[in-house]
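Heads up: the structure comes next, in structure tokens.
The values are calculated or read from the model by the stated rules, or taken from the named source; none is laboratory data. These numbers were taken from a predicted model, which means no experiment stands behind them. Reconstructed Cβ throughout: ideal geometry from the backbone, glycine too, with neighbour counts over all protein chains shown.
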Amino acid sequence: MTDWTTTPQPIGETRWSFPPPERWPDTDLIAVGGDLAPATLINAYRRGIFPMEVTALDGKLGWWSPEPRGIVPLDRLRVTKSMRQSARRFEIRVDTCFADVMRACGDPSREDGWITAEFVTAYTLLHQLGWAHSVEVFDREGRLAGGLYGVRVNGLFAGESMFHTKRDASKVALMALVQLMRDTGLQLLDVQWCTEHLASLGAIEVSRAQYLKLLADASG
């Protein structure tokens, strides 16, 4: 695995501003518009906000802060015997094929394949600047079998999406991510919404207010 302690490159200031939390609506969607420039994205993550297109608004760029929020406590990841056995069949790499992981996560044949070419371009630039990272799982034939990607801001890793083409490959990627976070002193693993699948792996829900407190502690 690679060293995540390298300081990311400066990204300057964004020309956009987000409303303060006390002005956020009760809905998960808190704002619409803006852009995917590096400074805009990092400014959002620092405030507990992330982007996704809004299907109901003709694909406009939306900014989200779920209530409640899904996180994975690093000491509560559920690692089963079968997951440990599966891990032995794979090789873990970090940051060797970031764009490939994103494209696999955004495969339009997937039910939740919302990741567009615009997002791939924007987050690949974040990756090149040292802010976004991928954890990749390769099978014994050297083929990409699963992985995940997200954004790191100090002690926060904001998980964006994960995929697998072979059984347990995405779970193995999550295992590796949690271990990497522990090894490098990261504190908060954000998974946006606590789906049934993520809950089975140890994800929990916290209130938006509690998440913002955890974020303040983690992101500095």
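Remarks
- Of all residues in the range 180-204 being of a type in the set (Asp, Glu) and closer than 28 Å to THR7 by Cα, the one that is modelled with the highest pLDDT: ASP190
- Scanning the range 150-173 for residues that are aromatic (Phe, Trp, Tyr) and within 11 Å of VAL191 (Cα to Cα) yields a total of 1.
- Among (1) over 15 Å from ARG143 (Cα atoms); (2) under 15 Å from the mean Cα position of the chain (by Cα) - the single one VAL101 does not satisfy: (1)
- Restricting attention to the range 184-211, the residues that are touching a residue at least 12 places away in the same chain (Cβ under 8 Å), of a type in the set (D, E, K, R) and in a helix (DSSP H, G or I) add up to 1.
- The range 42-89, residues that are at pLDDT below 95, outside the structural domain of GLN187 (by TED's automatic domain parsing) and not hydrophobic (A, V, I, L, M, F, W, C): GLU53, THR55, ASP58, GLY59, LYS60
- Tallying residues that are of a type in the set (S, T, N, Q) and not in a helix (DSSP H, G or I) within the range 160-183 yields 2.
- Only residues that are in contact with a Ser or Thr (Cβ under 8 Å, 6 or more places away or on another chain) and of a type in the set (A, V, I, L, M, F, W, C) were counted across the range 167-187, and they come to 2.
- Test: residue in the range 90-98 that is under 17 Å from the mean Cα position of the chain (by Cα), under 30 Å from GLY185 (Cβ atoms), at pLDDT 95 or above and crowded, with 19+ Cβ neighbours inside 10 Å: yes
- Any hit, the range 68-85, residues being in contact (Cβ under 8 Å) with a residue 60 or more places away in the chain, within 25 Å of GLN128 (Cβ to Cβ) and touching a Phe, Trp or Tyr at 6+ places or on another chain (Cβ under 7 Å): no
Here's the yes/no breakdown for (1) within 18 Å of PRO66 (Cα to Cα); (2) crowded, with 21+ Cβ neighbours inside 10 Å; (3) not assigned by TED's automatic domain parsing to the domain that holds ILE49:
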residue	(1), (2), (3)
VAL135	no, yes, yes
GLY142	no, no, yes
ALA173	no, yes, yes
VAL178	no, yes, yes
SER200	no, no, yes
VAL206	yes, no, yes
